[in-house]
Amino acid sequence: MGKSVIVINGPNLNLLGKREPEIYGSTTLADIEALTRAHGENIDIETIFFQSNQEGDLVDAIQRAGASHSGIILNAAAYTHTSVALHDAIKACGLPVIEVHLSNIFSREEFRHHSYISSVAAGVICGFGAKGYVLALDALADIID
């Protein structure tokens, strides 16, 4: 298997560019995908993208990833703070996961300060906007080499 990373995005991230631009900026999910894909090509890592607003779809994507990818970049969005199911899927998949958030979740509402993902992730990147995905790809490149 060559180096391949799946980038999984959760609920409402399909609305980036329109949704709360004062928090998330004007960058769209398509912009993030293009930026991440281009960086992946530069460092010889194939990047595959998946987005869903459904928790079960995200669990399924994580479970499938173990068979065909070297790592996962996960922005679980609101499910970060609520989903034991995502936590358990990450533990079971056997891949390194980098948790990404566009905003600094620790400077926002108190309920966003807890993550069910962080304890099973190889690392967490938050507050750097779209560049967080590039940073996550670099971190995974180091881990999977």
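S115 fulfils the conditions (1) over 15 Å from G25 (Cβ atoms); (2) among the small types (G, A, S); (3) not in a loop (DSSP other than H, G, I, E, B) except for a single criterion, (3).
If you filter segment 119-139 down to residues that are within 22 Å of E41 (Cβ to Cβ) and modelled with pLDDT under 95, you find that the one that is surrounded by the fewest Cβ atoms within 10 Å (Cβ to Cβ) is G129.
For segment 41-69, which residues satisfy the criterion of being in contact with a strand residue (DSSP E or B) (Cβ under 7 Å, 6 or more places away or on another chain), of a type in the set (A, V, I, L, M, F, W, C) and within 15 Å of G10 (Cβ to Cβ)? Within segment 41-69, F49, F50, L58, A61, I62, A65 meet the criteria.
Just checking, does segment 106-118 include any residue being farther than 17 Å from I6 by Cβ and within 12 Å of the chain's Cα centre (by Cα)? Checking segment 106-118: at least one residue is farther than 17 Å from I6 by Cβ and within 12 Å of the chain's Cα centre (by Cα).
Restricting attention to segment 12-28, the residues that are modelled with pLDDT of 90 or more and either crowded, with 18+ Cβ neighbours inside 10 Å or closer than 22 Å to A141 by Cα (or both) total 1. Number of residues in segment 102-123 that are closer than 19 Å to A85 by Cβ and of a type outside the set (K, R) equals 9. When segment 62-77 is filtered for residues that are out of contact with any Phe, Trp or Tyr (no Cβ under 9 Å at 6 or more places or on another chain) and within 16 Å of V124 (Cβ to Cβ), the ones remaining, listed by number, are G71, I72, L74, A77.
Pull out all pairs, ordered by first then second residue, where Cβ-Cβ is under 9 Å, the residues are six or more apart or on different chains, the first lies in segment 95-107 and is farther than 11 Å from A139 by Cβ, and the second is of a type in the set (K, R). Here the result reads H101/R112; S103/R112; I105/R112; F106/R112, each pair linking segment 95-107 to a residue that is of a type in the set (K, R). Taking segment 29-50 as the range and being closer than 21 Å to G127 by Cβ, of a type outside the set (A, V, I, L, M) and buried (at least 16 other Cβ atoms within 10 Å of the Cβ) as the test, the residues that pass are E33, T36, H39. Against the condition without any contact (Cβ under 8 Å) to a residue 24 or more places away in the chain and either touching a strand residue (DSSP E or B) at 6+ places or on another chain (Cβ under 9 Å) or more than 23 Å from A141 (Cα to Cα) (or both), how does H113 come out, does it pass? In short, yes. Condition check for G17 on (1) in contact with a Lys or Arg (Cβ under 7 Å, 6 or more places away or on another chain); (2) on the phi > 0 side of the Ramachandran plot: one failure, at (1).
The values are calculated or read from the model by the stated rules, or taken from the named source; none is laboratory data. Values in this document were obtained by computation on a predicted structure and should not be read as measured data. We place every Cβ from the backbone using ideal geometry, glycine too, and count neighbours over all the protein chains shown.
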